[in-house]
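Trainee: One structure is given below, represented as structure tokens, and several questions about it will come after.
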Amino acid sequence: MVLDYVGVKEINGSLIVLDGVKGAFNEEIVEIRLDDGTTRQGRIVQMDGERIVVQVFESTRNISLVNTKTRLAGKPMEMPLSHEIIGRILNGSGKPIDGLGDIFPEKTANINGTPMNPVSRVYPKNYINTGISTIDTLITLIRGQKLPIFSGSGMKHNELAVQIVRQAKIADDNGEGFCVVFAAMGVKNDVADYFKRSFEEFGVMNKVVMLLNLANDPIIERILTPKCALTVAEYLAFELDMHVLVIMTDMTSYAEALREFSSSKGEIPGRKGYPGYLYSDLASLYERAGMIKGSKGSVTQIPILTMPNDDITHPVPDLTGYITEGQIVLDRALQGQGIYPPIAVLPSLSRLMKDGIGEGYTRSDHQALANQLFSSYAKVIDARSLASVIGAEELSPIDKKYLKFGTEFESRFINQKFTENRSIEQSLDLGWELLGYLPKGELDRVDDQILNKYYKPIEDQ
Amino acid sequence: MDNKDVIFGINGPVVTVKASKTFSMMEMVYVGKQKLVGEVIKITDKATTIQVYEETTGLKPGDEIVGTGAPMNVLLGPGIMDNIFDGIERPLKEIEKITGSAFISRGAAVSSLDTEKRWNVTLTVKKGDKLKGGDIYAATQETAIIEHRVMVPPYLSGEVVKVYPNGMYTINDTVVELKDKQGKIHKLTLCQKWPIRNPRPIAQKKPADIPLITGQRVIDTLFPISKGGTAAVPGGFGAGKTMTQHQLAKWCDADIIVYVGCGERGNEMSQVLQEFGELIDPKSGRPMTDRTVLIANTSNMPVAAREASIYTGITLAEYYRDMGYHCAIMADSTSRWAEALREISGRLEEMPAEEGFPAYLPSRLSEFYERASRVINLNGSEGSVTVIGAVSPQGADFSEPVTQNTKRFIRCFWALDKSLAYARHYPAINWMTSYSEYFTDLDKWFEENQGREFINCRAKISSILQEENKLMEIVKLIGADVLPDDQKLIIETARVIRVGFLQQNAFHKDDTFVPLEKQKLMMKTILHLHEVATDLISRNIPISRITSLGLFDKLTKMKYDIPNDRLDMFTEYEKEIDEALNSTISAEFN
């Protein structure tokens, strides 16, 4: 016997309250039928005896106290999964919108996932060659890593993400399949379109699953989008043994959706109005990256987030940085100088890099070179700030060398063309070449053996 | 009983029961059909509030809640070492085996410790012995280096009436029978339970006058910590908190390491598992895991268990301390724990204090840090628990509530600095903002073991760094070129100290752990060069002449060039310095 509950008791933002509901369980899905024949979905988020609070995914517009019939679905939010999902375009809550019909599920999975047992994880070690010097040399991306791009509005994060997708050798040598899961949350239509066109251009569209929740789509659906995307990714990686790259943009919109939902529930706000559980919530997404024993596949995440007012201490980038394994930070000043990709080297970091590079992975001098470049470039910044006070002419000869190194480093190492795909050897050699602008005594992060092999000073003209 | 307690309301990890009188505060309960573990956190005459340590999806109003009659506790006994648990002491390896899946399902009922495994037990008491709480009655080799000493539960005492023979026993087998004053017979097994929120009792606290040697130069020389001390490692993301914690866990001279991954990354825990398994402890020649227990409650595991994980960790440490071991607990990170408090407090609709944290945050922090100390145990042995907590301040702003409140209860503050980390200066411990209050307590030990010289060197090193800091203010404004030579020398020496001494390479085989003796000799050599150079400058020899000798560069690399077992090489270095500078003098004046 299926019961319909007629009418609702309260409506508040995206929440409706029903009373006298029997037999419901926490997080259960409900179906709401309106008088005009349309249906919407919702999820139970709070219960007090027979009073339940339901979050409506597609907004509560047109719902009145009397015009609905609500039915319990008897199951939590699940996502239909099948290998046929590759190449499809879905909406934010996982329903196909490409007009190719429903997905015939081989299985369904709860979109919340379950936490991976830390014991069952495989520590990620295989590096992904992206063909971008800055990333490969200094912020190496590792398969199974979560490495966000911290950007700001108007910066070239989308181009960077597209370039990574195009150039990255995601599949491994023994030809395991790879695919891309793309989740758009609250982005503009042209951004989603740009990604779509780019995927089509390099002919990988049949390897992409797109979940689109655009800027004008309902907020609540946006909260589900990354969960659905990661459920797909986990299925492809751990059951179909594929290497999956997940791009999620824009995490800031996701967090804002969460804030809107939280405040409509009347929860006590934490920093900048975001709910106190923002950290746990973000972690429940980011932690779904990785590799597990007994499966050949992997989930690698590149979330993109725009820092409001370019502020890296804003709660969203801040909490993200504490969860993810490093970050790629973009810099507006570099972009202003026409440098692409405008990666701010110093605050960027890859935590998994140290075990995935060096002998047997990239080249034995990689770690030492990376340390030296970081350390020398930090001195460039010091020299520049000194120059802005006393003038470049007054600098000591060694500081002048740093200035020269800095300019060359930015215009030749960081800067590269959108279509340029550099091999790891090229990138490392270029790094050594640029260090030639500095005298040997300044290179204190490298031991003499490596230095003798690779270092060639460039004499002053 | 027909009067069952059932769920009324559900909100995230918090469930409520209406008008029940059966529960007591902090009691452990089982919730619903799947028997999810929960804890009573609030009682009024109208409702009892319970926090559930697992995902609450699928729970229904009307599901039964069963009390256990005891507060949240952990099982203590052999099998803890070399194991990995979640926040409420469930063994993750066992769960993996039982569920056969890489994902943690809910309500997985597994005993914390292996109940099948037989331990080779040696009984150390005989019939008629009078035992009191904490006394050891049996021992078994838990791992190759840790002997597990089985103790009488703290509040029990009496006379031994029966002793079983030495042999193989599981943790639940009775090995000793004890008759208390009332004549009641207690069967003692190899294990006992202890509520995680209660500190285990001790006989007496001891002063903090023995250092915990970590082999990390900046810590051992400039900011030492004592055994039984407390330290905080605050730093924004990417500043190297976890790296510092790992280094300490690997190299510090505690007998037992409890590593609590509290709300941190899953991949990091798998790294710890892998690295510690491969790494050989130089003292014992055995893998590090033999003396390590890991508590892994990653950030996506339930938030309430994250709150408990810190207490679980320190209870395990206290248990081994009672056996007479020196234990160190690394908590990474206490901010995640504080956030778990905030999250649960928010669900309870409590009145928030600063930044949404509950008003009881400081008292909870102090309760935790006060469990650290060096003590005389009930059984007369000496042990210690050292607490090193990482703090992840929001936006790397040290004025936020968790950092500020932590600062009040710890005595060692290793402040990690973003700009040092950007320049890849690790450990990125800022020598200007960090401090240790243990200096004076430890002076006596250093004097006895390393001589007065060590303390003198340390004082000079830190005064040069102070001096440099002042000079850098000027340099920032007008450049280094205008400074007089003696000040340039300070800057040059400070550079050697920073790069050659404070900076330490965790991936270099000699540099990752440096014995105190080498630390002292390194300081001595640097200061020797500084003194001789000062002398030369006072004779009007320009500093450029001195630096062109390459001695400063040579000293910055001595950490790599001198292996830890070739400390005699320092004499050669000193000789070389003297010779090079003497020849400069003769060249100048002849």
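The values are calculated or read from the model by the stated rules, or taken from the named source; none is laboratory data. Everything quoted here is computed from the prediction, not taken from an experiment. Positions of Cβ are backbone-derived with ideal geometry, glycine not excepted, and every protein chain shown enters the neighbour counts. Surface areas here come from the heavy atoms of the whole protein model, side chains and all, with no ligands, DNA or RNA. Shrake-Rupley method; radii C 1.70, N 1.55, O 1.52, S 1.80 Å.
Trainee: Please go through region B:17-33 and give me each residue that is under 18 Å from A:GLU27 (Cβ atoms), more than 10 Å from chain A (Cβ to nearest Cβ) and surrounded by 17 or more Cβ atoms within 10 Å (Cβ to Cβ), ordered by number.
Mentor: The answer is B:VAL31, and nothing else.
Trainee: Answer with yes or no whether A:PRO315 is open to solvent by 20 Å² or more (accessible area, probe 1.4 Å), under 26 Å from A:HIS157 (Cα atoms) and within 9 Å of another protein chain (Cβ to nearest Cβ).
Mentor: In short, no.
Trainee: Would you mind finding the one in A:VAL191, A:VAL180 that is open to solvent by less than 20 Å² (accessible area, probe 1.4 Å) and either under 22 Å from B:PHE103 (Cα atoms) or under 17 Å from the mean Cα position of the chain (by Cα) (or both)?
Mentor: Just one listed residue meets the conditions, A:VAL180.
Trainee: Hey, can you tell me all the residues within region B:464-489 that are open to solvent by 30 Å² or more (accessible area, probe 1.4 Å), under 24 Å from B:ARG424 (Cα atoms) and away from chain A (no Cβ under 14 Å)?
Mentor: Residues satisfying the conditions are B:GLN466, B:GLU467, B:ASN469, B:LYS470.
Trainee: For region B:88-106: of the residues being facing another protein chain (nearest Cβ under 7 Å) and among the β-branched types (Val, Ile, Thr), which is farthest from B:CYS262 (Cα to Cα)?
Mentor: The residue in question is B:ILE95.
Trainee: Assess whether B:ASN540 counts as being more than 14 Å from chain A (Cβ to nearest Cβ), within 39 Å of the chain's Cα centre (by Cα) and part of a loop (DSSP other than H, G, I, E, B).
Mentor: Judged against the criteria, B:ASN540 is not a match.
Trainee: Identify, from the list B:THR189, B:THR244, B:THR174, the residue that is crowded, with 24+ Cβ neighbours inside 10 Å and either within 25 Å of B:GLU142 (Cα to Cα) or touching a residue at least 40 places away in the same chain (Cβ under 8 Å) (or both).
Mentor: Within the list B:THR189, B:THR244, B:THR174, the selection yields B:THR244.
Trainee: Search region A:342-366 for residues being closer than 19 Å to B:ASN267 by Cα and among the basic types (Lys, Arg), and hand back the single one that is nearest to the chain's Cα centre (by Cα).
Mentor: A:ARG351
Trainee: I need a count of the residues in region B:268-288 that are hydrophobic (A, V, I, L, M, F, W, C) and more than 14 Å from chain A (Cβ to nearest Cβ).
Mentor: Qualifying residue count for the region: 2.
Trainee: Filter region B:533-557 down to the residues that are polar (S, T, N, Q), loosely packed, with under 14 Cβ neighbours inside 10 Å and at pLDDT below 90 and list them by number.
Mentor: Correct list: B:ASN540, B:SER544, B:SER548.
Trainee: Separate question: Select from region B:45-84 the residues that are among the acidic types (Asp, Glu), open to solvent by 30 Å² or more (accessible area, probe 1.4 Å) and within 21 Å of B:VAL17 (Cβ to Cβ) and list them in ascending order.
Mentor: Within region B:45-84, B:ASP45, B:GLU55, B:GLU64 qualify.
Trainee: Within region B:421-432, identify whether any single residue is in contact (Cβ under 8 Å) with a residue 24 or more places away in the chain, away from chain A (no Cβ under 14 Å) and exposed (fewer than 15 other Cβ atoms within 10 Å of the Cβ), and answer yes or no.
Mentor: Within region B:421-432, one or more residues are in contact (Cβ under 8 Å) with a residue 24 or more places away in the chain, away from chain A (no Cβ under 14 Å) and exposed (fewer than 15 other Cβ atoms within 10 Å of the Cβ).
Trainee: For the condition on the phi > 0 side of the Ramachandran plot and either within 14 Å of another protein chain (Cβ to nearest Cβ) or part of a strand (DSSP E or B) (or both), what is the one hit in B:GLY238, B:GLY183, B:GLY228?
Mentor: B:GLY238
Trainee: Can you tell me which residue within region B:289-304, out of those that are in a helix (DSSP H, G or I) and buried (at least 24 other Cβ atoms within 10 Å of the Cβ), is farthest from the other protein chains (Cβ to nearest Cβ)?
Mentor: This residue is B:ARG291.
Trainee: Can you name the residue in region B:205-224 that is outside any strand (DSSP E or B) and out of contact with any helix residue (DSSP H, G or I) (no Cβ under 7 Å at 6 or more places or on another chain) and, of all such residues, is farthest from B:SER399 (Cα to Cα)?
Mentor: B:LEU212
Trainee: So for region A:266-284 (the condition being more than 8 Å from chain B (Cβ to nearest Cβ), open to solvent by 20 Å² or more (accessible area, probe 1.4 Å) and outside any helix (DSSP H, G or I)), does at least one residue qualify?
Mentor: The answer is yes; a qualifying residue exists.
Trainee: Output the qualifying pairs, or none if there are none: Cβ atoms under 9 angstrom, residues six or more apart or on different chains, first residue in region B:331-343 and away from every other protein chain (no Cβ under 11 Å), second residue modelled with pLDDT of 90 or more and open to solvent by 10 Å² or more (accessible area, probe 1.4 Å).
Mentor: Taking only residues 6 or more apart or on different chains, the pairs are B:TRP337/B:ARG364.
Trainee: For region A:339-411, which helices (runs of 4 or more DSSP H) that fit wholly inside it have 2 or more residues that are surrounded by fewer than 17 Cβ atoms within 10 Å (Cβ to Cβ) and small (Gly, Ala, Ser)?
Mentor: Passing ranges, in order: A:366-390.
Trainee: Is it the case, given these coordinates, that B:VAL14 is within 14 Å of another protein chain (Cβ to nearest Cβ) and more than 28 Å from the chain's Cα centre (by Cα)?
Mentor: It is true that B:VAL14 is within 14 Å of another protein chain (Cβ to nearest Cβ) and more than 28 Å from the chain's Cα centre (by Cα).
Trainee: Also: Here are some conditions: (1) in contact with a Pro (Cβ under 6 Å, 6 or more places away or on another chain); (2) in contact (Cβ under 8 Å) with a residue 60 or more places away in the chain. A:PRO105 meets all but one. Which one does it not meet?
Mentor: In the conditions (1) in contact with a Pro (Cβ under 6 Å, 6 or more places away or on another chain); (2) in contact (Cβ under 8 Å) with a residue 60 or more places away in the chain, A:PRO105 misses (2) alone.
Trainee: Could I ask something else about it? So, of the residues in region A:294-311 that are within 11 Å of another protein chain (Cβ to nearest Cβ) and modelled with pLDDT under 90, which turns out to be nearest to the chain's Cα centre (by Cα)?
Mentor: Across region A:294-311, the extreme among qualifying residues is A:SER295.
Trainee: Okay, next question. Tally the residues that are touching a residue at least 60 places away in the same chain (Cβ under 8 Å), touching a strand residue (DSSP E or B) at 6+ places or on another chain (Cβ under 8 Å) and assigned to a loop (DSSP other than H, G, I, E, B), restricting the search to region B:259-288.
Mentor: 4
Trainee: Take B:VAL31 and tell me if it is out of contact with any Cys (no Cβ under 6 Å at 6 or more places or on another chain) and touching a residue at least 40 places away in the same chain (Cβ under 8 Å).
Mentor: When the stated conditions are applied, B:VAL31 does not pass them.
Trainee: Counting residues that are more than 9 Å from chain B (Cβ to nearest Cβ) and surrounded by 15 or more Cβ atoms within 10 Å (Cβ to Cβ), which strands (runs of 3 or more DSSP E) fully inside region A:17-129 reach at least 3?
Mentor: Correct list: A:28-34, A:39-48, A:51-56, A:68-76, A:78-81, A:89-91.
Trainee: Criterion first (within 19 Å of A:TYR277 (Cα to Cα), aromatic (Phe, Trp, Tyr) and more than 14 Å from every other protein chain (Cβ to nearest Cβ)) does B:TYR360 satisfy it?
Mentor: Criteria met by B:TYR360.
Trainee: In a loop (DSSP other than H, G, I, E, B), at pLDDT 90 or above and not hydrophobic (A, V, I, L, M, F, W, C): does that describe A:GLY144?
Mentor: Spelling it out, A:GLY144 is indeed in a loop (DSSP other than H, G, I, E, B), at pLDDT 90 or above and not hydrophobic (A, V, I, L, M, F, W, C).
Trainee: Give the residues of region B:247-267 that are surrounded by fewer than 23 Cβ atoms within 10 Å (Cβ to Cβ) and within 14 Å of chain A (Cβ to nearest Cβ), sorted by residue number.
Mentor: Correct list: B:GLN247 only.
Trainee: Right, here's the next one. So which of B:THR143, B:THR174 ends up being assigned to a loop (DSSP other than H, G, I, E, B) and under 30 Å from B:GLN245 (Cα atoms)?
Mentor: Checking each option against the conditions leaves just B:THR143.
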